[in-house]
Amino acid sequence: MPTPPPPTLSALRACLTTLPEAATDAAAAIAERDTRLTKPPGSLGRLEELALWLGRWQHRATPRLDHVQTVVFAGNHGVVAQGVTPWPSDVTAQMVGNFHSGGAAINQISRIAGAALRVIAIHDLRPTDDFTTTAAMSERAFLAAFATGFEAVDPDTDLLCLGEMGIGNTTVAAALAAALFGGGGSAWAG
């Protein structure tokens, strides 16, 4: 049975501060095996680094990519009312339609990679409130959106590729990054 999403902000905070560590023993086993392969050391370039990274996070000495999942979350942001973008919010719905009809770049990338693609319209694309005038979401709405994302991930996934789509999302992402990591929004946008 899958783990349920954290039901409160304090439970979410606790979950995020106790994330699993990477398995250094898996990385050591991969590096040791690499020395026994018939090839010059480092000849596979970034592919060798990626195998180490994947093995550490999968906790496997032999990483695998049998089940790759791409999830794109789409949403609309109330801050668009402030004129932060020349595009209207209904473009988000048009792009979601394009994803569903297979016409976006991520459709082709996922197909070539053999990744299952899922597109999720958060809150049926109803916009959040404008965060320049009030909280964008209530705690309850945020936790519901978080649960949607949490439950979208298949627990058997070997590699998860995440994406987002939404008019006004650059402004929201820049504001969140500035709040979490410092600097003004302009340092994070552009």
- Message: Please report the net charge: other residues with Cβ closer than 15 Å to the Cβ of P63, K and R +1, D and E -1.
- Response: -3
- Taking the range 9-58 and dividing mean pair separation by its residue count, relative contact order in percent (alpha carbons under 8 Å, at least six apart): 53
- Going through the range 2-70, which GluC sites (Glu not before Pro) have at most 12 other Cβ atoms within 10 Å and a DSSP loop state? E21
- Taking the Cβ of L54 as the center, what net charge do the other residues with Cβ under 10 Å away carry, scoring Lys and Arg +1 and Asp and Glu -1? +1
- Query: Of R46, R140, R118, which is the most mobile in a GNM of the chain whose springs link Cα atoms less than 10 angstrom apart?
  - Reply: R46
- Task: Using R₀ = 22 Å, calculate the FRET efficiency as 1/(1 + (r/R₀)^6) where r is the Cβ-Cβ separation of H123 and A187; round to 0.05.
- Result: 0.15
- Task: Using 0.36 nm per residue of separation minus the Cα-Cα distance, give me the extension gain between Q108 and E21 in nm, one decimal.
- Result: 28.1 nm
- note: the chain, Cα-Cα separations exceeding 24 Å make up a percent value of 54
- Task: Add +1 for every Lys or Arg and -1 for every Asp or Glu among the other residues with Cβ under 14 Å from the Cβ of V80, and state the total.
- Result: -2
- Task: With an 8 Å cut-off on Cα pairs and a minimum separation of 6 or more residues, tell me the relative contact order of the chain in percent.
- Result: 28
- Message: Over the chain, with a Gaussian network built from C-alpha contacts below 10 Å, which listed residue (G75, G55, G45) shows the highest mean-square fluctuation?
- Response: G45
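The numbers here are math on the coordinates, done by the rules we state, and not lab data. Worth saying up front: this structure is predicted, and the values here are computed from it rather than measured. Note: ideal-geometry Cβ built from the backbone for every residue, glycine included; neighbour counts use all protein chains shown.
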